Amino acid sequence: MFGGGKVQTDTSGKFNFNTTMENDTDAQGMFNQYIVDGQSDAELGKKGAKFFGDLALSPTGGLSEVPGLFDRGKVGLVMFVGLLLMNIFNVIKADMACINFEQMVAREDWLIHEVWLDKMMPGAYFTPDRMFAYFELIALAIYSLHALYYVIKILITDEDHSYRKWTACADLCLRLLPSMQTFSSMRMLQYISPAIFAPALKDCIEKNKTLPKEKWFRKMTAVPVIVISHLLFFIFGFEAFLVKFRQVDKFLTDTEHQGMAVLQLAAFMNQMMGIVMLPIYTKNRLFKFIFGGVDNFLNTDEQYRQDVWKATFMQRVWVASGRKVIPFCSVALTFTDEDFQKLVLDTKQKDQ
């Protein structure tokens, strides 16, 4: 179907995939062979059936195809850096304004729980706005220090064949910097997304099965802990959303500073779209599909195999870029699930 061909059979009853399916009639022929005739997989295999055509995984991991990724321009890199700097600037600016009481919320605009908080602790210093401001600044500082640590680790390791050097580079380019690009306290809402919560719960259950009997307490508490923690993440993230939404509400009617208003609204929209980090999620899902096997679970060996692929990929990109920073970043920072698919999937036509 994916590498395909018009579904025909010759006089011996063998499948013929020499031509491409072009209409519903061709598709119906393939459907009939697989469904209507009700043949088993073994019978279909004897007739030469290849549902996926000549599609297969590249035996070398597709790493020899890395130079083919350099046909892109630098527009993606410019957009990546622009969004990263815009988000960092707006997070710091908005949070400092909250801490310095430059964005005071009128009492009549308080949320219900803020009224209750004021009654319990009159004049409390840590209002929700200020609490999230401190949280974001501390988290952003941790992100930045982590990124700086990786950069220093990469620079002081001269050996091009150092596994730890390129593992740090992979984590920096594929996870850390893309996370900072849309970072906000609303990010906590991602943990109640079914696409995030369900796999996390499944992995927790699978890991429980591998624990020895001696760790019975951990086995008993693992699932309740992950459910309760995700519930707390939801409460925290929803509160962050309310605070953020109220902060940008005034920019909807700001006619005196239209440029800054548009920038603040764009930053809020960028953070909203980044609650579930779709580029990172899709790449991780593909990595698990390739390396996780039929059980869709990464054991220790499979996790190291995935990390080795990422490290080798980064080293190959560095060599293919001529050891130049900008060409390297134009591929490493804008690497997508489509690029990964292009590398690891192989066909006979590609080999020829």
Checklist (1) surrounded by 15 or more Cβ atoms within 10 Å (Cβ to Cβ); (2) assigned to a helix (DSSP H, G or I) applied to Phe183, failing item
(2)
Would you pick out the residues in the range 125-157 that are charged (D, E, K, R) and farther than 25 Å from Phe245 by Cβ?
Lys153
Among the residues of the range 186-221, write down those that are basic (Lys, Arg) and under 25 Å from the mean Cα position of the chain (by Cα).
Arg187, Lys202, Lys207
The condition of being modelled with pLDDT of 65 or more, in contact with a helix residue (DSSP H, G or I) (Cβ under 6 Å, 6 or more places away or on another chain), aromatic (Phe, Trp, Tyr) and surrounded by 14 or more Cβ atoms within 10 Å (Cβ to Cβ) holds, among Phe80, Phe135, only for Phe135
One residue is enough: does the range 58-73 have a residue meeting the conditions more than 30 Å from Leu145 (Cβ to Cβ), of a type outside the set (Phe, Trp, Tyr), at pLDDT below 70 and surrounded by 11 or more Cβ atoms within 10 Å (Cβ to Cβ)?
no
Checking Tyr191 against (1) surrounded by fewer than 18 Cβ atoms within 10 Å (Cβ to Cβ); (2) modelled with pLDDT under 95; (3) hydroxyl-bearing (Ser, Thr, Tyr): exactly one of these is not met. Which one?
(1)
Residues that are crowded, with 18+ Cβ neighbours inside 10 Å and modelled with pLDDT under 90, drawn from the range 298-323:
Leu298
Can you pull out every residue in the range 302-327 that is without any contact (Cβ under 8 Å) to a residue 24 or more places away in the chain and part of a helix (DSSP H, G or I)?
Glu302, Gln303, Tyr304, Arg305, Gln306, Val325
Checked against (1) of a type outside the set (A, V, I, L, M); (2) assigned to a helix (DSSP H, G or I); (3) crowded, with 17+ Cβ neighbours inside 10 Å, Thr334 satisfies every condition except (2)
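Mind listing whichever residues of the range 284-301 are touching a helix residue (DSSP H, G or I) at 6+ places or on another chain (Cβ under 7 Å) and closer than 19 Å to Ala56 by Cα?
Passing the criteria: Leu286, Phe287, Ile290, Phe291, Gly292, Gly293, Asn296.
The values are calculated or read from the model by the stated rules, or taken from the named source; none is laboratory data. Model, not experiment: these values are computed from the prediction. Here the Cβ is made from the backbone with ideal geometry for all residues, glycine too, and neighbour counts use every protein chain on show.
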